[in-house]
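The values are calculated or read from the model by the stated rules, or taken from the named source; none is laboratory data. This is a predicted model, so every value here is computed, not measured. Neighbour counts run over all protein chains shown; Cβ positions are idealised from the backbone, glycine included. Keep in mind that these areas ignore ligands, DNA and RNA; they rest on the heavy atoms of the full protein, side chains included. Shrake-Rupley method; radii C 1.70, N 1.55, O 1.52, S 1.80 Å.
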Amino acid sequence: MDALRIRGTGKPLQGNVRISGAKNAALPILCATLLSDGASRLRNVPRLRDIETTAALLRFLGRDVKVDAPEVHVAAGSQVRPEAPYELVKQMRASVLVLGPLVARFGRAKVSLPGGCAIGARPIDQHLKGLEAMGCTIRLERGYVMAEGPGGGGRLKGAEVYFDLPTVTGTENLMMAAALAKGRTTLVNCAREPEVEELGRILNKMGAEVNGAGTDVIHIVGAERGELAPFDHAIIPDRIEAGTYMVAAAIIEGGDVLVEGAELRDLEALATKMRAAGVEITSEGQNVRVKRTGPLRGVNVTTAPHPGFPTDMQAQFLALMCVARGESVISETIFENRFMHVPELQRMGASVALRGNTAVVQGVQKLYGAAVMATDLRASASLIIAGIAAAGDETEVRRVYHLDRGYERIEEKLHGLGVDVERVKGAEA
Ligand code: EPZ
């Protein structure tokens, strides 16, 4: 397995970094291509393992897919096999996003239950509840969801669906199902993430009628003609990649980084907390400038559904608080096990006390390099940020395949900001 080796030079990050397209927008949009047999083109798609995994899944379902990053071309193949096998779904939970489009378009689907992952149980009960409200029969058999439209594979019907809690992929799955259901669907208590809003744009480009995507109530009128039109679209920038580089820019005093292509309006909760910690965050056209001009102050953070503080930025921000002055209390309310980066940070000298879903951080003067292990995508990023802060020391972050799922060309981008980082092939796991 590969590792990333970071040498803490003590020098602040300076320069420009360009943000790639949003992974969590590209994934549902790729699945939306199942709603049309035409040739669709996605642009500004990041070169990531999750994109390749989704392409492999679409090919298994019978689509012709050409990944030529930053473009992906998808069209109908010679046949359709509405089945997503465990071997593919276990690699990436977001594969569950084929369920809605398959059952809406082809009347049936057999999709492996995604199973849990490192950060939590990750159930999909809300996805299934919504599909049942739309007339779908759902059976769980030997780890698979067997879904069938009304009357043994007929067309879904519009419904009122109330989510018990905001779920990003749950909202996206039901938007895609409703786009071909008969009549009107109203989704209430929806996730409001920018990636949900982007999917709404795509479905409207494809000829569906979607209103309210990005708010907590979404109205959809299903298209009558049984399939949607293909589309050509450039994906929005990745706000979590942008936030990760914003935090990295602030980890050493003197940091001055222009994050190119970052939309500050999608990162207001993070920017507010970084400013409270003493970091200068300003918008420069389509870019965000981050300047670390003085000491960091500890601030408290509680993760929440968008537009609250993103759970996907919790690990990175916690690493920043490890070198801030004073105490910060960080509460994780979205996932039940998203502090696995803490024991690794403690091995680097961080002072963090875990109490259930809360981490109490006491800032320290210095972090020390160590061999540490990545456990999930965002935890990996927090360990790299800590390695940058460990001046004069070397940190080896192992199992960086987690990182490769969500950060395109990360060594190259960090090099561009003055970070001494290299990939170590075949390092010890
Ligand atoms: C999406 O996951 C993102 N993934 C995650 O990013 C992100 O952390 C998460 O939203 C929260 O913002 C993609 O968009 C591909 P949820 P998702 O459904 O949709 C519970 C990354 O790093 N829940 O919004 O799977 C669930 O257990 C990934 O790119 C149910 O109880 O998350 C969790 O506690 C990690 N029943 C909460 O809701 C359901 O049916 C939010 O989960 C669905 C969810």
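Some values worked out for this structure:
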| quantity | calculated |
| --- | --- |
| Residue satisfying all of: in the range 224-246; among the aliphatic types (A, V, I, L, M), within 20 Å of Gln286 (Cβ to Cβ) and not in a helix (DSSP H, G or I); farthest from the chain's Cα centre (by Cα) among these | Ala234 |
| Residue, surrounded by the most Cβ atoms within 10 Å (Cβ to Cβ), within the range 318-354, restricted to residues that are over 28 Å from Arg5 (Cα atoms) and modelled with pLDDT of 95 or more | Ser328 |
| Given (1) more than 8 Å from the ligand (Cβ to nearest atom); (2) under 30 Å from Ser380 (Cβ atoms); (3) among the small types (Gly, Ala, Ser), number of the condition Ala181 does not satisfy | (2) |
| Residue match in the range 119-126 (condition: in contact with an Asp or Glu (Cβ under 6 Å, 6 or more places away or on another chain), surrounded by fewer than 17 Cβ atoms within 10 Å (Cβ to Cβ) and more than 24 Å from Ala178 (Cα to Cα)) | yes |
| Residue satisfying all of: in the range 100-131; aliphatic (A, V, I, L, M) and part of a loop (DSSP other than H, G, I, E, B); nearest to the ligand (Cβ to nearest atom) among these | Ile124 |
| The lone exception for Leu367 - which of (1) out of contact with any Phe, Trp or Tyr (no Cβ under 9 Å at 6 or more places or on another chain); (2) not in a loop (DSSP other than H, G, I, E, B) it fails | (2) |
| Test: residue in the range 45-52 that is open to solvent by 10 Å² or more (accessible area, probe 1.4 Å), modelled with pLDDT under 95 and of a type in the set (Lys, Arg) | yes |
| Per-region count, the range 157-172, residues under 22 Å from Leu34 (Cα atoms), near the ligand (Cβ under 9 Å from one of its atoms) and open to solvent by less than 20 Å² (accessible area, probe 1.4 Å) | 3 |
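Condition check ((1) under 22 Å from the mean Cα position of the chain (by Cα); (2) among the aliphatic types (A, V, I, L, M); (3) under 30 Å from Val421 (Cβ atoms); (4) more than 14 Å from the ligand (Cβ to nearest atom)) across all residues:
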position: Leu199; (1), (2), (3), (4): yes, yes, no, no
position: Gly207; (1), (2), (3), (4): no, no, no, yes
position: Asn211; (1), (2), (3), (4): no, no, no, yes
position: His219; (1), (2), (3), (4): no, no, no, yes
position: Ala248; (1), (2), (3), (4): yes, yes, yes, yes
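Rundown of residues vs (1) away from the ligand (no atom under 15 Å from the Cβ); (2) surrounded by fewer than 18 Cβ atoms within 10 Å (Cβ to Cβ), yes/no style:
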position: Leu270; (1), (2): no, no
position: Ile281; (1), (2): yes, no
position: Gly285; (1), (2): yes, yes
position: Arg292; (1), (2): yes, no
position: Leu296; (1), (2): yes, no
position: Ala304; (1), (2): no, yes
position: Phe309; (1), (2): no, no
position: Gln316; (1), (2): no, no
